[in-house]
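So the structure is just underneath, and the comments pick up after that.
The values are calculated or read from the model by the stated rules, or taken from the named source; none is laboratory data. These numbers were taken from a predicted model, which means no experiment stands behind them. Note that we place each Cβ from the backbone using ideal geometry, even for glycine, and neighbour counts take in every protein chain shown. With ligands, DNA and RNA removed, areas are computed over all heavy atoms of the protein, side chains included. Shrake-Rupley method; radii C 1.70, N 1.55, O 1.52, S 1.80 Å.
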Amino acid sequence: MTGADGGMTQAPDALPDEGGIEVVAPRDAAEIVEDVAEVMPAVAGASRLMIVLDIDGTVLLEDETLSPGVVEAVADAHAAGHEVMLATGRSWEGTHGILGSLALNPDYVVCSNGAVILKRIDDDFADVLAYERFFIETFDPSEVLGLLRQHLPHARYMVELPDGRRLYTEELHDWNLHDADKVAFAELSEQEVCRVVVVSPDETDSDFVELVDRIGLNKVSYAVGWSAWLDIAPQGVDKSTALERVRTWLDIEPADVLVMGDGRNDIGMFRWARERGGRAIAMAQGATELLAEASETTVSVQEGGVAAILRSL
């Protein structure tokens, strides 16, 4: 199969059987991965890669099940000495359970489209893996919320606060509302936030693209999702800005970065990786705008695109 730049990608029939998945506590999952690493040492002389995975549409299918083969492939990549981590638009509340399902315990996790970086806390006495909100970017949301409210009065709004709590105006069935409070719209802009989420069931993603171009959102960064979902972050902040910090902290060479994703909010990290000599790999079903930024394309999330790439390393 030919990728976005004319390169060859793995074919679906090259994938291993999906196998079964047993969900265990994050602490137990981390111990399993470490046990595997002890019996499968890294190949001598091989470069240590920083492998960055988006979640939705990359690791997870639309029904929230895992992409075929991804658990085993992630374990093998970790055992080979690579740093495998997640970079997502999700908040930490919607992310930490995925780490457990993947049996993954990276040093850092990028959430909220780059506005929040979490760092693992090593505590031998803790029952579960613990992470702290290590680096946080915030902005004043009052202007952008007021502007959007004028054009989308019936949309549903949510903000994420620096401490991780979230405030929302109306429930949405696919929002994880643990540690979230329903408030009046005016309360959303009473303090600085890490991000703003806007969902308007009456609009399409194309409508949102046209709207943000028309009204101008010049003091923030934004990404339009698949289904009338608008994510707004501090100006100049996206997954790439957070990942560059993590890359530096981990002392990984720019050319040893591999990122995988499927959505418009992955464009920044694709450009960041590709322009510095790394690999930017799009899922086959990815957004057209993202496919244009990719250095390679793998098979779809349904066919196990992440597993196909990781098995080829």
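A few remarks follow.
- Within the range 287-301, residues that are free of Cβ contacts under 8 Å to residues at least 40 places away in the same chain reach partners that are in a loop (DSSP other than H, G, I, E, B) and of a type in the set (S, T, N, Q) with beta carbons closer than 9 Å, at six or more positions or on different chains, in the pairs 300/67; 300/285.
- Residue within the range 229-242 that is in contact (Cβ under 8 Å) with a residue 12 or more places away in the chain, in a helix (DSSP H, G or I), hydrophobic (A, V, I, L, M, F, W, C) and within 23 Å of residue 88 (Cβ to Cβ) present: yes
- Enumeration of residues in the range 214-226 that are more than 17 Å from the chain's Cα centre (by Cα), modelled with pLDDT under 85 and open to solvent by 80 Å² or more (accessible area, probe 1.4 Å): 218, 219
- For residue 254, the requirement of being open to solvent by 20 Å² or more (accessible area, probe 1.4 Å) and either of a type in the set (Val, Ile, Thr) or touching a Lys or Arg at 6+ places or on another chain (Cβ under 6 Å) (or both) is met.
- Scanning the range 102-112 for residues that are farther than 12 Å from residue 195 by Cβ and surrounded by 20 or more Cβ atoms within 10 Å (Cβ to Cβ) returns 102, 103, 104, 105, 106, 108, 109, 110.
- Checked against the criterion of being in contact (Cβ under 8 Å) with a residue 24 or more places away in the chain and more than 22 Å from the chain's Cα centre (by Cα), the range 168-185 contains one or more residues that satisfy it.
- If you filter the range 183-202 down to residues that are of a type outside the set (Gly, Ala, Ser), modelled with pLDDT under 95 and more than 16 Å from residue 143 (Cα to Cα), you find that the one that is surrounded by the most Cβ atoms within 10 Å (Cβ to Cβ) is 199.
- Filtered residue count, the range 266-313, keeping only those that are touching a Lys or Arg at 6+ places or on another chain (Cβ under 7 Å) and either part of a strand (DSSP E or B) or not aliphatic (A, V, I, L, M) (or both): 7
- Residues of the range 205-228 that turn out to be under 29 Å from residue 49 (Cα atoms) and assigned to a loop (DSSP other than H, G, I, E, B), as a count: 1
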